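What follows is a single structure, written as structure tokens, with notes after it.
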């Protein structure tokens with residue numbers, strides 16, 4: 001089996017977050033991840049091969065819908081499947097515990113499309129979020 005080239009890349013997680021800025025995309029990912037986990041559990045408990053086959057189809061299907069229809073970007077799974085799976089699970093856990101927005105702030109990534117977080121020195125107050133419009137778009 002080929003090794004995952006981005007599994008040890010320190011930029012993978014911030015890049016992953018950047019690819020999942022739209023809340024609808026994140027919701028599809030979390031729903032897909034949880035559904036896949038449930039199907040995997042049911043498949044193993046009942047020894048049902050149909051649930052085991054459905055698990056990745058449902059999980060990736062929901063996530064890819066989010067990428068292709070909502071976010072309109074290329075899924076990281078295609079480049080780094082293992083790191084992407086780990087990041088999907090991490091994102092679901094952070095979302096379920098209410099800590100995902102903190103991760104976006106930590107890396108200075110707007111957690112919604114159309115918002116800009118201005119970079120600031122560590123001693124400055126927290127950044128303000130603002131809607132990007134043609135009038136206030138400064139090309140960041």
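The values are calculated or read from the model by the stated rules, or taken from the named source; none is laboratory data. Just so you know, these numbers come straight off a predicted model, no measurement behind them. With ideal geometry, Cβ positions are generated from the backbone for all residues, glycine too; neighbour counts draw on all protein chains shown.
Quick notes on this one:
- Selection from the stretch 49-69 of residues that are in contact (Cβ under 8 Å) with a residue 24 or more places away in the chain and crowded, with 18+ Cβ neighbours inside 10 Å: 58, 59, 60, 62, 63, 66, 67
- Meets criteria (modelled with pLDDT of 95 or more, surrounded by 14 or more Cβ atoms within 10 Å (Cβ to Cβ), more than 30 Å from residue 108 (Cβ to Cβ) and touching a helix residue (DSSP H, G or I) at 6+ places or on another chain (Cβ under 8 Å)) for residue 44: no
- Residue among 58, 70, 30 that alone is part of a helix (DSSP H, G or I), over 25 Å from residue 11 (Cβ atoms) and out of contact with any strand residue (DSSP E or B) (no Cβ under 9 Å at 6 or more places or on another chain): 58
- Hey, residue 88 touching a helix residue (DSSP H, G or I) at 6+ places or on another chain (Cβ under 9 Å) and not in a helix (DSSP H, G or I) or not: no
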